[in-house]
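Below is one structure, written out as structure tokens; comments come after it.
The values are calculated or read from the model by the stated rules, or taken from the named source; none is laboratory data. Because the structure is a prediction, the values reported are computed rather than measured. So basically every Cβ, Gly included, is an ideal-geometry build from the backbone, and we count neighbours across all protein chains shown. Please note that ligands, DNA and RNA were not included when accessible areas were found on the heavy atoms of the full protein model with its side chains. Shrake-Rupley method; radii C 1.70, N 1.55, O 1.52, S 1.80 Å.
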Amino acid sequence: MQALRAVAALLVVVGHALHETETIAALVGRAAPDLSFIYWGFGVDIFFVISGFIMTYTSAGLFGQRGAWRIFLTRRLTRIVPLYWLLTTVLLIGGAIAPRLLNVPIDDWRHVLASYAFIPSLRVPGEIRPVMALGWTLNMEMFFYVLFAGALTLPFRRGMTALAVVIGALALFGMIVRPEQVQLAFWSQSIILEFLMGCLLGAAYLKGARLSPTAAVMVAGVGILGMVKFGGPEIEAGLPEALRWGVPALLIVAAAGLARSATSRGMLWLAVLGNASYSLYLVHPFVLRPMRNLWTHFVGGALPLTAYVAAAMLLATIVAILTYRFVERPLLRWAQRATTDATKPGLRVADRAATLS
């Protein structure tokens, strides 16, 4: 699963690097690589399904226990907040010093506060994004954490049922009503169903569901084919995200999570990068934009722009590993020490098997 996190983050990096090549191409007179037949944002869908899987697997023993919701939220905030707040602050300082480096001016203090609080807010009309644009996924993730924390107040089966009903109702409401209120419109996107898919997959894993290596390869193959845009723009846009991209993502995560197979050396290397996948996801825009400008100035049209994509992916990976080692991990250790009392309330964690009954 850690290896798959690395793959998901790299898909996002490649997609954004390809977007940067369009700007370089216009400046240096070279053709930008056209890989638009692949949906590179698919990495986000994989992340959401993995999140549901991991939350269910790691929190199964908390369901129905007193104070479980507080323990869960404290752990998730400790994990997510420090690095995100730090990089958001860096972005704001950079924008104040050199506003031209930003795609969108930041001049609304309410939007800034909403970004720090993980509350969906309009960055520009029609675009619900925080100050750090890719943080929209964390806004959705935090909302899922709140729902999951509520489910933890119930025994496992009742909690999972309640979670499924609430998430399903939200997605159905969004598809039928299409609300215009910003937060409700954001939280009722069908993509929220991808968390539920992961939760149900995690429950199946805890129940003992497994795939043979052959079956896992076949399931993963079907999921990978789902990354390809087979229909026209109208067909792709007409399908709910949870159906078009969530189901293929579910198949890939199922293949990784349920497979009975030995771990290869290559998987171990990917797992190392998977540990740094959160850093990779957050820091890669800080790498791609300066590198785009440097590439335009020093390389120009001397090399095909696929070389920029490869170089950007390599540099972003190196920066992410360094960020994980020297920034993210120290911040995490500091936050864990600061919240030690909140995660040790004398809770008796029941046997995992008992929570499934």
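The condition (being in a helix (DSSP H, G or I), open to solvent by 40 Å² or more (accessible area, probe 1.4 Å) and either under 18 Å from P285 (Cα atoms) or touching a residue at least 60 places away in the same chain (Cβ under 8 Å) (or both)) is satisfied by just one residue among L73, L10, L4: L73. Considering only residues that are surrounded by fewer than 17 Cβ atoms within 10 Å (Cβ to Cβ) and part of a loop (DSSP other than H, G, I, E, B), which ones fall in region 13-32? Once the filter is applied, which keeps residues that are surrounded by fewer than 17 Cβ atoms within 10 Å (Cβ to Cβ) and part of a loop (DSSP other than H, G, I, E, B), region 13-32 yields G29, A31.
Residues in region 291-323 that are open to solvent by 60 Å² or more (accessible area, probe 1.4 Å) and under 19 Å from N103 (Cα atoms): N293, L294.
Would you please name the residue that is nearest to the chain's Cα centre (by Cα), looking only at residues in region 96-127 that are closer than 30 Å to M197 by Cα and modelled with pLDDT of 95 or more? Quick ask: steps written out before the conclusion?
Step one: filter region 96-127 for residues closer than 30 Å to M197 by Cα, giving 114-123, 126-127.
Filter once more, so that each one left must be modelled with pLDDT of 95 or more: 114-121.
Working: A114: 19, S115: 16, Y116: 17, A117: 17, F118: 14, I119: 16, P120: 16, S121: 18 Å.
By that ranking, first place goes to F118.
Under the condition of being in contact with a Lys or Arg (Cβ under 9 Å, 6 or more places away or on another chain) and either closer than 14 Å to V182 by Cβ or β-branched (V, I, T) (or both), the residues counted in region 116-138 number 8. The set of residues in region 297-312 being on the phi < 0 side of the Ramachandran plot, touching a residue at least 12 places away in the same chain (Cβ under 8 Å) and outside any helix (DSSP H, G or I) consists of G301, P304.
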